[in-house]
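The values are calculated or read from the model by the stated rules, or taken from the named source; none is laboratory data. For clarity, every value in this text was computed on a predicted model and none was experimentally measured. Every residue, glycine among them, receives a Cβ derived from its backbone with ideal geometry; neighbour counts consider all protein chains shown. For the accessible areas, the whole protein counts, side chains as well, though only heavy atoms, and no ligand, DNA or RNA atoms are used. Shrake-Rupley method; radii C 1.70, N 1.55, O 1.52, S 1.80 Å.
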Amino acid sequence: MNPSTNELETDDDFIWPYDEGMKIFITLTVLSAILVPAVGYCCYSAAKDRDPKWMTSGILEPSLRCCRHDKNDRAYCGVPGGILIICGLATLAAWCSQAHTIQAHEYHGPMLVTNIEPTGIRQSSKYSYEYDCRQESYKCGDRTCRRETCSTGYYESMLAYMHVAWGGPWGCNEHQYKSCASKEEIGGDCHVKVCGVQTHDGARCSDADRDAARAAVVQCVEDVMLQGADAMPHLPVDFDVNVSPDDGAANLFYAKMYGDCDVCSAMVSVPTGAAKRNRVAGFVCLWVGLGLFGLFVVKNGCLGMCCGWEGEVPYPVWMEPPAKWERYIRPQKFNPNGNRMQFIAREQGGAGGAMEREVELKIGGIA
């Protein structure tokens with residue numbers, strides 16, 4: 001069975017190579033883990049449970065009422081936003097790891113099957129049983145509850161190793177003279193239970209059962225991997241890196257797999273589907289989390305820090321306002337003691353004595 005050589009199948013829907021995706025992930029991590037909490041803390045500390053004056057009075061007050069500080073902002077925006085940011089970053093980390101695996105296995109095509117051999121005896125959760133079940137008491141509030149607990153035992157089971165080889169100009173384009181060999185564990189339907197003997201008390205399957213399990217494992221791998229071929233070649237076989245699958249003998253068997261020529265690692269499949277899902281889920285969680293946390297920051301200090309706390313008109317603090325508006329934007333510049341200016345006026349009393357009267361002027365008019 002000689003399939004033609006096939007290069008790595010690229011998936012146009014898989015956005016960003018591993019290196020570029022990692023740079024974006026690191027950038028988002030730094031911004032989210034350092035800058036976002038720092039900005040949020042500064043804004044929240046500056047707010048001190050207050051709103052800018054231009055949000056609480058004047059013609060803008062009705063339209064900005066929804067943007068004012070609320071005691072429930074942390075519960076509705078701050079905490080959920082932080083949790084979503086953390087979940088998004090964790091999911092993107094999984095995506096980058098999976099993308100690295102996909103990019104590392106750059107070869108996808110036929111590999112020569114050089115041998116198939118059963119593994120040793122395994123203990124797997126696929127073939128397990130429970131024994132020594134008993135009732136246990138435990139406290140649940142003010143009363144005593146009971147539950148059943150059991151010990152877990154494992155039946156003897158067996159899988160198979162499939163040895164494959166590839167390389168040279170047809171298998172590793174960037175390593176023209178490199179020959180790779182690897183073995184892949186074949187499970188699934190070819191994971192065979194040796195016998196029904198429970199092993200927790202030291203019992204073991206017979207040699208005849210183990211021999212029958214080995215034969216069943218090899219036969220299963222041949223049936224699954226042959227995929228309609230007439231006969232399985234006599235194994236093991238030798239690998240010649242200069243003989244491509246197109247030039248190989250008719251009695252050689254090739255399996256289509258993914259290969260990493262750098263470390264000579266072979267895989268039956270790579271997590272392309274999982275990487276796509278994690279990429280989408282990670283960015284959705286991150287963007288929604290940043291949106292909620294951004295809303296929390298805006299409502300709890302960002303508006304005041306950007307456009308002033310005491311002014312009656314919102315204006316960017318980093319810009320110089322027009323002179324005619326400055327007293328409404330920066331009242332502290334005209335009134336260091338607050339929102340009122342004081343002066344002492346001398347009035348002549350009726351008895352000829354001097355009487356001082358304190359007159360207060362508001363900015364823009366007389367009190």
For the condition at pLDDT 80 or above and over 30 Å from TYR44 (Cα atoms), what is the one hit in ALA367, ALA323, ALA354, ALA345? ALA323
Of the candidates GLN135, GLN98, GLN123, the one satisfying the condition of being under 37 Å from the mean Cα position of the chain (by Cα), modelled with pLDDT under 90 and open to solvent by 70 Å² or more (accessible area, probe 1.4 Å) is GLN123
Considering the range 60-85 alone, what residues qualify as being of a type in the set (A, V, I, L, M), buried (at least 16 other Cβ atoms within 10 Å of the Cβ) and in a helix (DSSP H, G or I)? LEU84, ILE85
With criteria (1) touching a Cys at 6+ places or on another chain (Cβ under 9 Å); (2) surrounded by fewer than 18 Cβ atoms within 10 Å (Cβ to Cβ); (3) of a type in the set (Phe, Trp, Tyr), TYR107 comes up short on (2)
